[in-house]
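First up is the structure itself, then whatever we jot down about it.
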Amino acid sequence: MKSLKQLIKNYIHNNPKENSAHDMLNLLKTDGCFLKNNYDGHFTGSAWIISPEKDKILMTHHKKLGMWLQLGGHADGEKDLLKVALREAKEESGIQHFNILRDEIFDLDIHKIPKQMNQPSHKHYDIRFLLETDPVFNEISVSDESYDVAWIPIDDVIGLNPENSIKRMVEKTLAIKNLQLYSFSEKKDR
């Protein structure tokens, strides 16, 4: 497994117009950047989970934040954020088997978490990985952290959460789907 520093550098190379990756590299130099009680900001790991047809996204209606999001959570000291994303995907959905489509970063985002009870407002430096599982063969169970976990048709995702980072992940997913359709039709025409 590549180091998080190398994964972020690869992401910068492949996504030069996204600026937040440089802030991620700076955070990586600080102590406690993988601990949730570091209120200067800390890393989280998330899973953008797609169906094999790339037409549905597995999302959670998060209780504390009151919004539909990708599955994910705190690193709790773990430096391998792909492991964190997998752990959180399993805990939040009850699904135990996922295909890792790439071990590179799919997306990243820095977002502010509002003050909650005994926690001050702080930033999550979210590293997102692309996973796949089949909705037909996997039953969902909803964790205590969520109001609901559901497969959302990709065309409905932005209506549930219009944030820029969600739009960006939808666009990336559609680009993958279109690339596969193009490759399939090209092979078929030969």
Taking segment 109-132 and keeping only residues that are over 19 Å from GLY32 (Cα atoms), hydrophobic (A, V, I, L, M, F, W, C) and under 12 Å from the mean Cα position of the chain (by Cα), one is left with PHE129, LEU130, LEU131
With criteria (1) open to solvent by 40 Å² or more (accessible area, probe 1.4 Å); (2) modelled with pLDDT under 90, ASN138 comes up short on (1)
Specify the residue that is nearest to LEU82 (Cα to Cα); the eligible residues are those in segment 1-23 that are in a loop (DSSP other than H, G, I, E, B) and without any contact (Cβ under 8 Å) to a residue 12 or more places away in the chain. SER3
Could you tell me which of the residues ASN38, ASN26 is assigned to a helix (DSSP H, G or I) and either more than 15 Å from the chain's Cα centre (by Cα) or among the acidic types (Asp, Glu) (or both)? ASN26
Condition (residue is among the aliphatic types (A, V, I, L, M), under 16 Å from the mean Cα position of the chain (by Cα), buried (at least 17 other Cβ atoms within 10 Å of the Cβ) and closer than 19 Å to ASP107 by Cβ) applied to segment 66-73: is it met by at least one residue? yes
Go through segment 142-190 and report how many residues are open to solvent by 80 Å² or more (accessible area, probe 1.4 Å), at pLDDT below 85 and among the hydroxyl-bearing types (Ser, Thr, Tyr). 1
Please count how many residues of segment 1-40 are among the aromatic types (Phe, Trp, Tyr) and either exposed (fewer than 12 other Cβ atoms within 10 Å of the Cβ) or over 24 Å from GLN116 (Cα atoms) (or both). 1
Being out of contact with any strand residue (DSSP E or B) (no Cβ under 6 Å at 6 or more places or on another chain) and assigned to a loop (DSSP other than H, G, I, E, B) is the requirement here; does GLY159 meet it? no
Which of the residues belonging to segment 110-124 are open to solvent by 30 Å² or more (accessible area, probe 1.4 Å) and assigned to a strand (DSSP E or B)? ILE110, HIS111, LYS112, GLN116, GLN119, LYS123
Against the condition among the aliphatic types (A, V, I, L, M), under 19 Å from GLU145 (Cα atoms) and part of a helix (DSSP H, G or I), how does LEU82 come out, does it pass? no
Among GLU53, GLU78, the single one that is among the charged types (D, E, K, R), closer than 16 Å to PHE129 by Cα and either open to solvent by 60 Å² or more (accessible area, probe 1.4 Å) or at pLDDT 95 or above (or both) is GLU78
Subset of segment 18-69 [among the basic types (Lys, Arg) and over 17 Å from ILE127 (Cα atoms)]: LYS54, LYS56, LYS63, LYS64
Mind checking whether some residue in segment 86-95 is at positive phi and either crowded, with 17+ Cβ neighbours inside 10 Å or of a type in the set (Asp, Glu) (or both)? no
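The values are calculated or read from the model by the stated rules, or taken from the named source; none is laboratory data. Here the structure is a predicted model, which is why all the values come from computation and not from measurement. Reconstructed Cβ throughout: ideal geometry from the backbone, glycine too, with neighbour counts over all protein chains shown. Ligands, DNA and RNA are stripped out before the accessible areas are found, and what is left, the full protein with its side chains, is counted by its heavy atoms. Shrake-Rupley method; radii C 1.70, N 1.55, O 1.52, S 1.80 Å.
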